[in-house]
Every structure is written in structure tokens, then in C-alpha cells.
Amino acid sequence: MIKLLSACTEEIDDVAAAVDEILSRLDLENNQRKYSAGIMQFYQEFIDSGVVKAVCDALPFDVIGQTTVGTLSNVSAGQLQLTLSVMTSDDVEFYAGKTDRVADEAFGPVKKMCAEISKRARKKPAVVFTVLPTLFTLSGDDFVAALNEGFGGAPVFGAGTVNGAIDLSDMPVMYNGECDPRILSAIALVGPVEPKFFVSRIEEDNEIEQKAIITSSNGNAVFEINDMSFLDYMIKIKILKPDDPHATRRNRLVKMTMTITRADGSTVERAFLDLSPEGYGYFCGTMPQDSAIIVKNVNYDSVIKSSERAVNEIAAVADGKNVLLVSCLTRMWALGSKPDDEVILIRKGLGAVDCVYSGTYSGGEICPCPDINGKSVNSYHNATLVACVFD
């Protein structure tokens, strides 16, 4: 059984005060069990001030983490804070690791890390928690596929790094206080853990355009849809206007998502990541050529409806358990002038249940979901709210 401890701080400038606040909230002397590991989310400035490194140095166990634009837990919620969730147990062991710096492919570094963790763990993990780098040149699908193969199909749950900059630049992954935008970190849990997973997407009634076909793409870059250039197609379906400047086009595109039909017939959400100077669309996940797509609008109502459905499903099984949640940054942007409303809804719903929860925003969500035959497969999502419930 795992006990989940949560601590947070908004103290960016006073490193000693931040460390003291985290340690006092955790009360490890009374709460820590035989095995422990931590997951940390934080605003970028906590790295710059030295707080992230100092907190990790003060802890007697491994910690993975990421930059984000907001966190929530039983303790607190906010955009400019650091949240640490500590898993501690007498019968579940935790094995952490990180990859070498990733260059132009994910499989080599990720499988090397998996092999190193597996050698120490000696058993297949019950679940793996991970933080992926969000890179313009590599798809999140590549990392998930490598983790899936490297850990022998063990369920993988986690988040991609993100920050508040519109260009999504400088988004480090953290491992034991060291931050690097081109590494992946992970914790493998070995022992009696039976996780349950939830994926909540934007409703189908938010479709802007019925099925179209990606007629030219490479990896996560889309060049043509229905034999039209990516830009021309976006103008045709009225997401963009012909005279929009480049920056306005990017701002409009981040508020839509595409549902991709994969080779096995299952579907997955893809969020817009960037627009190249040539007008190509870059997405967070792989966009296979000849795939069918449905374009959806992501707005306030669609996010809240999706969140309500997810919270009701999670709360129904969360009593006495731990809950980790990840929500896509696209959802936060879609809430417009009320960016905290999803967090408020989650805290209200889970606050009515006897559970310990912690959550963050991401640049991509990693969570198992059923394929067309009902088999659970590790998948990379966008524009979703995902959760892992465990005890």
C-alpha cells in the first residue's frame, strides 16, 4: 500500500524558507515508510532561484519533475507554486532513472534507461510514472512507444513538460534537482499496485469539420489536408482568416484539436504545437499520412463538460485511494478569462471524497486507454484530462 504525501510552497526567492515549508508539511520523520520517491511540478522561476535543487538535495529519495503553469492538491492550488507529491510504502519499491540527452531519436536513450531501471528492479513494474520532454522535432508517441517496449508493456502514466510562454520554449524535465529540456525521467513502481486509469476527451459535439484526410505529413508535421496546404485548409474551415498575421494564426490554432483515427481503428486527440514559417502545422503527437481526422473546437463549455464527467467517474472509485491527475495546457487556454475553473471543479469534486490527490498541467498526457478490441494500451494524448487512481 502506498501513502501519498503532498506539500507545496509559493516561496520563490527565499530558498531556505521554501525548503523548510516543504519539509514541515511532509513531516517525513512521522510519515515516511521503508521506500519512497517523489514527483514535483513547478513554475520555471523555482529552477532559476535554486529552490528546485535545494528541495531535492534535502530529500532522502529520488524525485522526478517538470515545469508547468499550475498545480493542485489537497493542500493548495495555484499557478505560481511548487508542488511535491511523495509516494511512500513498506511493500512497494520505487526505482527512478533518467535518459541521456535526447538528440534526433527517442528509442535509444529511453530503452537504455528502461534497461538500467529494470536491472535494479528485477521485476516488471506494476506501473511507471514519467515526465516527457516536449520537443518540436520529436513526437510524444515516440517516447511512449519506447517506454512501452522498454518496460515490457507495463502501464505508463505521466505528463509532458510545459510552461506559460506562447512559443513553449525552455521546458525542462527534472531528475533529482538537475533540469534539462532534452531528457526523460521516470519512476517504476514494483509491488502490489493495481492502478485504474481515466481519460476524458472533448465531446464530439464540438466538431468543426467532419472527417478529412491528412494527405501529406512527416512525423508530427502536417503539410496538407485533403490535398490542400495546412494553412489553406484551416482558412477553408474558418479557424483562420486569410489576412491573419503569423502570431494571430498561432493563437487561434491552439484552441482547436484533432481526433486521429489510428491504424488499429482506435482514436486519439492531438493538440496544435507550433506553426512553421512555411505554414506547416506541428502537433504534439504523430500525425500519420492518410489518417482520418476530425477537427474540434476547444472552448470553455467543452472543457468543463469533459472535466465534470471525469471527476464524477474518478470520485466513484477514489475513496481511500491516491489520485494523480494531468490536464492539457490547451484546456487551460480554452477557459479564457476563467483559467482556474477546471481546477476549482476538480478540487470540489475530489474534496468530497476521502482521497489524496495531486495534479498538474502538461504539454501532453500519457495514460493507458482501450484499443478497438478493448485491450488497454499505453497512449499519448492531447487536450485531455487523465487520471491514475491507486493505493
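Beta carbons closer than 8 Å, at least 6 apart along the sequence or on distinct chains, pair a first residue in the stretch 295-308 that is in contact (Cβ under 8 Å) with a residue 24 or more places away in the chain with a second that is in a helix (DSSP H, G or I) and exposed (fewer than 15 other Cβ atoms within 10 Å of the Cβ) for Lys296/Glu204.
Would you confirm whether or not the stretch 142-154 contains a residue that is out of contact with any Phe, Trp or Tyr (no Cβ under 6 Å at 6 or more places or on another chain) and within 26 Å of Gln81 (Cβ to Cβ)?
Taking the stretch 142-154 first, the residues out of contact with any Phe, Trp or Tyr (no Cβ under 6 Å at 6 or more places or on another chain) are 142-143, 145, 147-154.
From what is left, the residues that are within 26 Å of Gln81 (Cβ to Cβ) are none.
No, that holds for no residue.
Suppose the filter is within 24 Å of Met256 (Cα to Cα) and hydroxyl-bearing (Ser, Thr, Tyr); does Ser139 pass it?
Numbers: within 24 Å of Met256 (Cα to Cα): yes; hydroxyl-bearing (Ser, Thr, Tyr): yes.
When the stated conditions are applied, Ser139 passes them.
Scan the stretch 128-142 residue by residue and report those that are touching a Ser or Thr at 6+ places or on another chain (Cβ under 8 Å) and under 16 Å from Pro288 (Cα atoms). Hits for the stretch 128-142 are Ser139, Gly140, Asp141, Asp142. Checked against (1) surrounded by fewer than 24 Cβ atoms within 10 Å (Cβ to Cβ); (2) more than 15 Å from Gln79 (Cα to Cα); (3) within 16 Å of the chain's Cα centre (by Cα), Val386 meets all criteria but (1).
Of all the residues in the stretch 8-23, those that are within 12 Å of Leu84 (Cβ to Cβ) and out of contact with any helix residue (DSSP H, G or I) (no Cβ under 7 Å at 6 or more places or on another chain) number 3. Checking each residue in the stretch 41-53 for being farther than 16 Å from Asp170 by Cα and without any contact (Cβ under 8 Å) to a residue 40 or more places away in the chain picks out only Gly50. Taking the stretch 271-367 as the region of interest, the strands (runs of 3 or more DSSP E) fully inside it that hold 1 or more residues being among the basic types (Lys, Arg) and either modelled with pLDDT under 95 or surrounded by 24 or more Cβ atoms within 10 Å (Cβ to Cβ) (or both) are 292-297.
Would you check if Tyr35 is modelled with pLDDT under 95, over 15 Å from Ala54 (Cβ atoms) and either surrounded by 19 or more Cβ atoms within 10 Å (Cβ to Cβ) or assigned by TED's automatic domain parsing to the domain that holds Asn176 (or both)?
Numbers: modelled with pLDDT under 95: no; over 15 Å from Ala54 (Cβ atoms): yes; either surrounded by 19 or more Cβ atoms within 10 Å (Cβ to Cβ) or assigned by TED's automatic domain parsing to the domain that holds Asn176 (or both): yes.
It is false that Tyr35 is modelled with pLDDT under 95, over 15 Å from Ala54 (Cβ atoms) and either surrounded by 19 or more Cβ atoms within 10 Å (Cβ to Cβ) or assigned by TED's automatic domain parsing to the domain that holds Asn176 (or both).
Looking only at the stretch 19-44, count how many residues are more than 22 Å from Asp91 (Cα to Cα) and of a type outside the set (Gly, Ala, Ser).
The number of residues fulfilling the criteria is 11.
Within the stretch 319-341, can one find any residue that is in contact (Cβ under 8 Å) with a residue 40 or more places away in the chain, within 17 Å of Phe198 (Cβ to Cβ), in the same structural domain as Leu80 (by TED's automatic domain parsing) and among the charged types (D, E, K, R)? Yes. Here Asn226 fulfils each of the conditions (1) within 22 Å of Thr286 (Cβ to Cβ); (2) touching a residue at least 40 places away in the same chain (Cβ under 8 Å); (3) polar (S, T, N, Q) apart from (2).
Inspect the stretch 204-224 for any residue being assigned to a loop (DSSP other than H, G, I, E, B) and outside the structural domain of Asp90 (by TED's automatic domain parsing) and give the result as yes or no. Checked the stretch 204-224: at least one residue is assigned to a loop (DSSP other than H, G, I, E, B) and outside the structural domain of Asp90 (by TED's automatic domain parsing). Cβ-Cβ distances below 7 Å connect no pair with a first residue in the stretch 29-40 that is on the phi > 0 side of the Ramachandran plot, a second residue that is surrounded by fewer than 24 Cβ atoms within 10 Å (Cβ to Cβ) and not small (Gly, Ala, Ser), and a separation of six or more residues or different chains.
Can you spot a residue in the stretch 262-269 that is in contact with a helix residue (DSSP H, G or I) (Cβ under 6 Å, 6 or more places away or on another chain) and surrounded by 22 or more Cβ atoms within 10 Å (Cβ to Cβ)? Show your work before the answer.
The initial filter retains those residues of the stretch 262-269 that are in contact with a helix residue (DSSP H, G or I) (Cβ under 6 Å, 6 or more places away or on another chain), namely none.
Within the stretch 262-269, not a single residue is in contact with a helix residue (DSSP H, G or I) (Cβ under 6 Å, 6 or more places away or on another chain) and surrounded by 22 or more Cβ atoms within 10 Å (Cβ to Cβ).
I'd like the full set of residues that are over 19 Å from Val131 (Cβ atoms) and of a type outside the set (D, E, K, R), limited to the stretch 23-59. Selection gives Leu23, Ser24, Leu26, Leu28, Asn30, Asn31, Gln32, Tyr35, Ser49, Gly50, Ala54, Ala58.
The values are calculated or read from the model by the stated rules, or taken from the named source; none is laboratory data. This one's a predicted model, so the numbers in the text were calculated from it and none came from an experiment. Methodologically, a virtual Cβ is constructed for each residue, glycine included, from the backbone with ideal geometry; neighbour enumeration extends over all protein chains shown.
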